[in-house]
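The values are calculated or read from the model by the stated rules, or taken from the named source; none is laboratory data. From a predicted model like this one, the values you see are computed outputs, not experimental measurements. Cβ atoms come from the backbone with ideal geometry, glycine included; neighbour counts cover every protein chain shown.
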Amino acid sequence: MKTRNGIGLVLLVLFVALGQWAANGETEIFESKGRASRPDVAPVRNEQYAQECGACHFAYQPGLLPAASWEKIMGNLSDHFGDNAALAPEDQAALRAYLVSNAADRVSDKRSERIVRSLKGKQVPIRITELPYIVRQHDEIPKRLLQENKDVRSLSNCAACHTLAEKGIYDEETVKIPGGGQWDD
Ligand code: HEC
Ligand code: HEC
């Protein structure tokens, strides 16, 4: 009688341990799925920014450039890459504040951190497409699918290939180059 109880207890302990192990396994899978669907950079949640800075091109997320870069861009809107993107002083100040406080070096999102790390401090680029990290991510895309692709033309056109760019999601699985289909490298 005693031994049988002993075996029962051992089995119970094993069973509980196994259950815990299985449950742990499940939460891990669930969490890794959660991570994968977390945006690479925080999406734009400022209506004024989306309107004003999304009028001519994709409204780039603030987390794609460090604060110094946004300061430089916002300090020279009347000569913005050859265009005049000047705003009323109060709008300019409001958008500048939004960009700076959500800049790549002020947040902790995955891609923002990598962008900042790739800059090694001193550079103040005004193009996302000239960031070492972004250049590196795209250096294998052939001209045929980029510059010579009438539906893309320029790397600046993030949303042409990144189907969830607007949500701040840039991972490879969500890339679809027009005329190029799913990307697999
Ligand atoms: C009148 C049109 C216009 C408006 C409005 C505008 N932009 Fe631009 N922007 C441009 C042009 C043109 C380029 C250069 C595009 C190219 O070379 O492919 C550009 C490029 C950029 C780039 C660099 C993209 C790259 O290649 O990495 C950033 C960043 C940018 N704009 C931010 C802003 C912000 C912030 C605002 C709002 C304050 C804004 N833009 C409003 C026309 C505009
Ligand atoms: C011509 C289509 C195209 C355009 C335009 C484009 N990308 Fe990409 N992007 C890709 C492809 C393809 C990859 C995957 C590269 C690889 O890993 O081989 C990628 C990778 C990335 C990654 C890394 C994702 C990962 O899972 O490692 C980031 C971040 C990114 N792009 C951001 C941007 C941003 C920001 C812009 C706009 C300034 C942009 N891309 C414009 C095609 C494009």
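Things to note:
- Qualifying positions in the stretch 120-148 - assigned to a helix (DSSP H, G or I) and either away from ligand 1 (no atom under 15 Å from the Cβ) or within 14 Å of G63 (Cα to Cα) (or both): I128, T129, Y133, I134, K143, R144, L145
For every residue, the table says whether it meets (1) of a type in the set (F, W, Y); (2) modelled with pLDDT of 95 or more; (3) under 23 Å from P39 (Cα atoms).
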{"residue": "D91", "(1), (2), (3)": "no, yes, no"}
{"residue": "L95", "(1), (2), (3)": "no, yes, yes"}
{"residue": "V100", "(1), (2), (3)": "no, yes, yes"}
{"residue": "K110", "(1), (2), (3)": "no, no, yes"}
{"residue": "G121", "(1), (2), (3)": "no, no, no"}
{"residue": "R136", "(1), (2), (3)": "no, yes, yes"}
{"residue": "E140", "(1), (2), (3)": "no, yes, no"}
{"residue": "R153", "(1), (2), (3)": "no, yes, no"}
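- Selection status of D151, assigned to a loop (DSSP other than H, G, I, E, B) and more than 14 Å from ligand 1 (Cβ to nearest atom): yes
- Hey, Q48 out of contact with any Asp or Glu (no Cβ under 8 Å at 6 or more places or on another chain), more than 16 Å from ligand 2 (Cβ to nearest atom) and of a type outside the set (D, E) or not: no
- Of the residues making up the stretch 100-140, those that are under 14 Å from the mean Cα position of the chain (by Cα), within 13 Å of ligand 2 (Cβ to nearest atom) and hydroxyl-bearing (S, T, Y) are S112, T129, Y133.
- Here the condition is being assigned to a helix (DSSP H, G or I), within 15 Å of ligand 1 (Cβ to nearest atom) and farther than 19 Å from A42 by Cβ; of E173, E90, it holds for E90 alone.
- Flag not set for L95, criterion: out of contact with any strand residue (DSSP E or B) (no Cβ under 8 Å at 6 or more places or on another chain), crowded, with 19+ Cβ neighbours inside 10 Å and more than 22 Å from Q51 (Cβ to Cβ).
- Scan of the stretch 104-130 for residues that are within 15 Å of I73 (Cα to Cα) and among the hydrophobic types (A, V, I, L, M, F, W, C), ordered by number: A104, V124, I126, I128
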